[in-house]
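One structure below.
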Amino acid sequence: MGKPDRVDSLCDFGIYDLRHIDDSGGDAVSFPNPELTRDYDERTSLSSFRTVFQLLGAIAVVVAAPMIVDEVIRMGGTQQQGFMLAGAIFGLSGAIPLFFIGWFVREKFVPEEQEELPFRETLRVAWKNIPFRYAAGIYMFNWSAVDMIAIIFPYFLLYWVSDGNLLAKVNVLGIDLALESAFFGIMMLVCILFVPFWLWLAKTRNKREAYILGMIFWVIVQVMIFTIPQGNTNYLLFIGALAGVGVSAAYILPDSILPDVIEWDELRTRRRQEGIYYGIRTLIRKLTGALVIFITLQTLGWSGYQSPPDGVTQFTQPDSALLAIRLMVSVLGAIVLAGTIALAWSYPLSREKYVRIQKLLKRRREEALAKKEA
């Protein structure tokens, strides 16, 4: 079948799929809509800005939270009480900006009224969107890996690298930091520093290729984590810096890929259905996050992990638990990340196809406007 001259006829017969979107070049078309932008590269830029401030907040948490926990333990409290205090402090500080958003941020465009769909119909509509299947899979595997590593890595630092010293510290630039603070602080700092690189690569090539490169790099680093010997903090911090390069891509690019599927859906269905896709994305994020936490902690329990008694500052885990912890932060994490690479490799919306979709949508709107004026 050749390139379509008219969008309407193909959509009416339900035969319009990704094979009919050619790879011709051109500038992306922008017109008023309820989103901030429909430009392919601007979405990556916006995702980058969000990620930078998100990571700045994360640095504050990962550096300060372990120090708060350590201080509570020194004062005779428990590790659980320390985490509860840290959670209360950062939960309150994180809630304050939400009030400012409500006071100062206003929508530029009024969204069109859309008919509400039942939940099952919502899932059916989303499943028919082929690019969304890949984008949702990428999102699921991406954040599953991030969540699993974030959950298990503190155990790896405390019980493997520091050999059970719950108050282990490392000197960074003359400052004594908790081991967790130093590792995650360096990783998040590198994440921020590499945001411009991934933004540049996504603009120079495209989001899919940039994401694949970032995940391949992160998989290599994940395998290297298994080689970290006990007590070698210098090698640990070097690995943390390398990990920040791949984690930066994981934070930026999936959120900039997902919005592109909405235009493909509009071309296919003649409806703007952002709510469906962002709602399902949030559902996926919550379900996979809960599942990862459950599986990770259950695996720890099955491996023989033992909670340290209250008040102790030195505690050693059995060999079976140490092995499980090392495998989860390295090999298993690399396997999950490999799933993102496979899905991104097959992701069907390139920059050229996305631009073509925008042109076809513009033509449809112009035809509709001409009919209304006639």
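The values are calculated or read from the model by the stated rules, or taken from the named source; none is laboratory data. Model, not experiment: these values are computed from the prediction. A quick note on method: Cβ atoms are made from the backbone with ideal geometry, for glycine too, and the neighbour counts reach across all protein chains shown. The area values use the complete protein model at the heavy-atom level, side chains included, leaving out ligands, DNA and RNA. Shrake-Rupley method; radii C 1.70, N 1.55, O 1.52, S 1.80 Å.
In segment 319-342, the condition of being modelled with pLDDT under 80 and over 24 Å from T227 (Cβ atoms) is met by no residue. I'd like to check something: does segment 236-244 contain any residue that is touching a strand residue (DSSP E or B) at 6+ places or on another chain (Cβ under 9 Å) and on the phi < 0 side of the Ramachandran plot? Yes, because at least one residue in segment 236-244 is touching a strand residue (DSSP E or B) at 6+ places or on another chain (Cβ under 9 Å) and on the phi < 0 side of the Ramachandran plot.
The lone criterion from (1) open to solvent by 60 Å² or more (accessible area, probe 1.4 Å); (2) at pLDDT below 85; (3) not hydrophobic (A, V, I, L, M, F, W, C) left unmet by N165 is number (1).
Hey, could you check segment 235-269 for residues that are open to solvent by 10 Å² or more (accessible area, probe 1.4 Å) and of a type in the set (D, E) and say which is nearest to L322 (Cα to Cα)? Filtering segment 235-269 for residues that are open to solvent by 10 Å² or more (accessible area, probe 1.4 Å) and of a type in the set (D, E), the one nearest to L322 (Cα to Cα) comes out as D255.
When I175 is tested against (1) open to solvent by 30 Å² or more (accessible area, probe 1.4 Å); (2) farther than 19 Å from A64 by Cβ; (3) of a type outside the set (S, T, N, Q), exactly one condition is not met: (2).
For L361, the criteria (1) touching a residue at least 40 places away in the same chain (Cβ under 8 Å); (2) open to solvent by less than 40 Å² (accessible area, probe 1.4 Å); (3) among the aliphatic types (A, V, I, L, M); (4) out of contact with any Asp or Glu (no Cβ under 7 Å at 6 or more places or on another chain) hold in every case but one, which is (4).
The criterion of at least 1 residues that are of a type outside the set (K, R) and closer than 25 Å to V62 by Cα is met, among helices (runs of 4 or more DSSP H) falling completely within segment 193-296, by 195-204, 207-225, 233-257. Of everything in segment 347-360 that is out of contact with any helix residue (DSSP H, G or I) (no Cβ under 6 Å at 6 or more places or on another chain) and not acidic (D, E), the residue that is nearest to L253 (Cα to Cα) is S350. Counting the residues of segment 80-102 that are closer than 27 Å to L56 by Cβ, open to solvent by 60 Å² or more (accessible area, probe 1.4 Å) and at pLDDT below 80 gives 5.
When the residues of segment 319-356 are filtered to those that are aromatic (F, W, Y) and part of a helix (DSSP H, G or I), the one that is nearest to V146 (Cα to Cα) is W345. For segment 297-318, the set of residues classified as open to solvent by less than 20 Å² (accessible area, probe 1.4 Å) and in a helix (DSSP H, G or I) consists of L300 only. The residues of segment 196-234 that are among the aliphatic types (A, V, I, L, M) and open to solvent by 10 Å² or more (accessible area, probe 1.4 Å), listed by number, are L199, L201, I212, L213, I216, V219, I220, V223, M224.
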